[in-house]
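Beneath this line is the structure, given in structure tokens, with notes to follow.
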Amino acid sequence: MAANIGHRLRKGATSGVVMAAAVAALAASQAPEAIPPAADNTGGDHAIGAGDTAPPSGDHSATGDTPYYTDLPTLTTPNKPGASTNLPVIAGPAEAGIPASVYSAYKRAELSIRSTDPGCNLPWQLLAGIGKVESGQARGGKVDANGTASPAILGPALNGNGFANITDTDGGAYDGDKIHDRAVGPMQFIPSTWATWGQDANSDGKKDPNNIYDAAQAAGLYLCANDRDLALKADLDQAILSYNRSREYLNTVLSWVAFYERGTHQVPDGTGVLPVDRSDNGGRGNRPDPATPLPTVPKTPTPSPKPVTPTPKPSETRPGTVKPPTVPTKPPVTPPVTPPSVPPAAKVTQLAIVANQKLTATTGSAFTGAPRVAALDAAGKPVAGVSIRFEITGTTDTRFAGGGTTATVPTGATGLASSPALRAGEKTGSFTVRATVVGRTLAAADFAANVTERQADTLTRLDGAALSATTGTSFTQQVQVKATDKGALAPGVLVTAVIVTSKDDPKAATEGPSFKGADGTQVRTVTLKTGTNGLLTFASGDLLAGDKAGTFYIQLTAPGGGTTFVDLTVTAPATPDPGTTPEPTPSGSGTPEATPSPDSSPSA
């Protein structure tokens, strides 16, 4: 479950004489916020939605019925019904604010699952409702650049004391407990459930239950299991109860879902409102567990009242005594007025670039780096807590982790902020990532980025035999070509295939064999794509022999220099022997027999 809320620290960059010194010191920092986002790798996930027909793992719920937050939303409507905004500003009740990375993870999971399982009708507000009661939206959005909770979020040991009794199933790999399992991460998965439903939604090569993108994607798939339609009340209730088998849990989640459906707004990571009351502690919120004795606080002794000497009344004044002088009353002192604090953004005078390297990637892969900037004041000192907006501009299908083209990140204690990880789409070319200070009109920091085609420096035919067919038919043999780049298999490479008449002078043929186009037309130049194993396969029947006999070739060329040829031989159909004539077939007989000519010799 959630613990104390904290601010997420992030990074950035600088320029100028004073700035250069400041940036050098900042970039050399070994603080956790200075660690660049992890490089992308192949996660090896099953296809999204592939587990939809599998039941929840084990006999327990997704969380092992661990404790959860029982706070209910305010009765005040956040915004107009149905309203939602992407602006990093506070509007409406603070409870309606969702940390930027957490909000991005919920939206990305909804879009992804709706594209693969539209019949589930998963709303992102359901993920937000569960995330609220399970972890207070990842402890108010205390996540790093890749969306990973820092420190990790762990529930109590599932030892049967008030909840399920689950003996360790993961050797402590996820929860650090080798005796009992614990619920892990922002969505509180127990390790055995995560083993079935875990996802790598941010493409960093790991299925991490402490990563909000991975956890939100897995939670969405889990809720959609067993062909549920969450637009139906019965299926919705069943999905939530499969997460935690408690009627109070169901009602609490539904209250937050309805609240978020009326409107939300984004807040910087680390600044979300943390719930207080939990189901296992009688409303003590984040204070220690009842089993943990509270530290004894010594009481400050109350001073004994001093004896008050009674002042004699005027009537009791003895003769000859002098009346004490009256002490004038002091005028009230007005406390000094504290001037309003200056917002962090107002202190920034420059937004400087750190390590302005060119961002590059091949189609469909992660970029080699991420834009980083530093927010500095007039003296060149870093300014923390400044909201930095990163935006992808230009014609490209590159996206930030989570699928968006914009992301807002606060600067950390060192004034640095890094954008979320970038991932290229299938479109090549150059574009720009622009960083600006939210709420200010300072000069933007621009980062040049470029996407190139995937390459293969070698194409190798796995079976070198020539293909043969007669005119008017199709080639029936299958062809496989392996693409490699620097010795490694090259998946996703676009290979151009052209039918030519000569290997020495490869010009596209005007007659003879042809490819069958998707629309049924015949073409002699096509573009093919290698599979995930780096192989290119010609299916049987995709290549037509044409009506001209002769020798032809398929020239295959890949970006990066790889090339090879496939030989094609087209022959005319066999002609009957003119020395024989078919004998008339008697009525009711079978196949006619050939009659020898008068000059032919009898068979031996």
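The values are calculated or read from the model by the stated rules, or taken from the named source; none is laboratory data. Worth saying up front: this structure is predicted, and the values here are computed from it rather than measured. Virtual Cβ from ideal backbone geometry, glycine too; neighbours counted across all protein chains shown.
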Residue list for the range 405-419, restricted to those being crowded, with 18+ Cβ neighbours inside 10 Å and farther than 16 Å from A355 by Cα: A407, T408, V409, P410, T411, G412
Restricting the range 357-388 to residues that are closer than 21 Å to T406 by Cβ and of a type outside the set (A, V, I, L, M, F, W, C), the residue that is modelled with the lowest pLDDT: G369
Residue match in the range 373-384 (condition: under 18 Å from the mean Cα position of the chain (by Cα) and surrounded by 24 or more Cβ atoms within 10 Å (Cβ to Cβ)): no
The one condition in (1) buried (at least 16 other Cβ atoms within 10 Å of the Cβ); (2) more than 22 Å from G402 (Cα to Cα) that D200 fails to fulfil: (2)
Tally of residues being part of a loop (DSSP other than H, G, I, E, B) and free of Cβ contacts under 8 Å to residues at least 12 places away in the same chain across the range 511-532: 5
Failed criterion for R182 (all others in (1) among the charged types (D, E, K, R); (2) at pLDDT below 90; (3) buried (at least 24 other Cβ atoms within 10 Å of the Cβ) hold): (2)
Residue satisfying condition, being buried (at least 17 other Cβ atoms within 10 Å of the Cβ) and within 30 Å of P344 (Cβ to Cβ), within set A469, A497, A445, A490: A445
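Yes or no, residue by residue, for (1) in contact with a Leu (Cβ under 8 Å, 6 or more places away or on another chain); (2) among the charged types (D, E, K, R); (3) part of a loop (DSSP other than H, G, I, E, B):
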position	(1), (2), (3)
A375	yes, no, no
F390	no, no, no
G402	no, no, yes
T408	no, no, no
A417	no, no, no
E426	no, yes, yes
T432	no, no, no
A435	yes, no, no
G439	no, no, yes
Residue list for the range 499-510, filter: part of a loop (DSSP other than H, G, I, E, B) and not β-branched (V, I, T): S502, K503, D504, D505, P506, K507, A509
So G119, is it under 19 Å from the mean Cα position of the chain (by Cα) and more than 22 Å from E248 (Cα to Cα): no
Top-ranked residue of the range 203-221 - restricted to ones that are part of a loop (DSSP other than H, G, I, E, B) and in contact (Cβ under 8 Å) with a residue 60 or more places away in the chain, ranked as surrounded by the most Cβ atoms within 10 Å (Cβ to Cβ): D208
Residues (modelled with pLDDT under 80, surrounded by 14 or more Cβ atoms within 10 Å (Cβ to Cβ) and part of a helix (DSSP H, G or I)) located in the range 86-102: E95
Residue identified as within 22 Å of L359 (Cβ to Cβ) and in contact with a helix residue (DSSP H, G or I) (Cβ under 9 Å, 6 or more places away or on another chain) among G429, G402: G402
Within the range 128-173, considering residues that are farther than 26 Å from V257 by Cβ, touching a residue at least 12 places away in the same chain (Cβ under 8 Å) and polar (S, T, N, Q), the one surrounded by the fewest Cβ atoms within 10 Å (Cβ to Cβ): T167
Hits in the range 100-142 - residues which are among the small types (G, A, S), farther than 15 Å from N202 by Cβ and touching a Gly at 6+ places or on another chain (Cβ under 8 Å): S135, G136, G140, G141
Residues being closer than 30 Å to G364 by Cα and assigned to a loop (DSSP other than H, G, I, E, B) - total across the range 441-453: 2
